[in-house]
Amino acid sequence: MTSIVRANENHTLLLSEIASLTFLESHGGSGTSEDINSYVAEKYNKDILKKELQHPENLYYILYYNNRPAGYSKIILHSPYTNSAMSNIAKLERLYLLKEFFNLTLGGELFKFNLNLAKENNQMGIWLFVWKENQRAINFYIKNGFTIIGSHDFKISETHSNPNHQMFLSFR
């Protein structure tokens, strides 16, 4: 049994824990442990997430499976990418699932939830960045209709970046 709940400030600690763990699981081997741990401490701490949750444009959702947190997402509506002629497109900034919940189609369920949310809010499409070494995620997005439209270096530290694909799915 699954449920998807919009996160609020009461979820700050849980969101911090899920965000940190899923990032470590997905990107932990992409750099030195010092770089990765420093990034996680800076980006996924309770204070940062609490501030992000206070901004109405940041829509965080937590996915529960059998009443256990299994993953989370962050979508930002009306967030066009650089050089886009469209203003009403959404950015799927984060979509993470804890590894123990892989192969249960939960990632697809959370993705479809965000896709429907974007459509219900009259977005013309959705875009995202995905690490070029995360073939599982790339295949997932391609299977769901995304195309690669560019690239982006995702900065982990002053000395390390992960190369990312920029992907887009048009609703038109």
I need every pair where a residue in region 11-24 that is farther than 12 Å from I62 by Cα has its Cβ under 7 Å from the Cβ of a residue that is among the β-branched types (V, I, T), sequence separation at least 6 or different chains.
S20/V40; F23/V40; L24/I36; L24/V40
Condition check: more than 27 Å from S38 (Cα to Cα) and hydroxyl-bearing (S, T, Y). Does Y141 satisfy that?
yes
Go through region 54-76 and report how many residues are within 21 Å of I126 (Cβ to Cβ) and not small (G, A, S).
13
Answer residue from region 112-147, given it is assigned to a strand (DSSP E or B) and surrounded by 15 or more Cβ atoms within 10 Å (Cβ to Cβ) and is farthest from the chain's Cα centre (by Cα) among those
G125
So which helices (runs of 4 or more DSSP H) stay within region 1-77 end to end and still have 1 or more residues that are surrounded by 15 or more Cβ atoms within 10 Å (Cβ to Cβ) and hydroxyl-bearing (S, T, Y)?
12-27, 33-43
Where residues in region 148-172 are closer than 13 Å to Y81 by Cβ and among the hydroxyl-bearing types (S, T, Y), which of them is surrounded by the most Cβ atoms within 10 Å (Cβ to Cβ)?
S170
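No value in this document is a laboratory result; all are computed from the given coordinates. The model shown is predicted, which means the values in this text are computed figures rather than measured ones. A quick note on method: Cβ atoms are made from the backbone with ideal geometry, for glycine too, and the neighbour counts reach across all protein chains shown.
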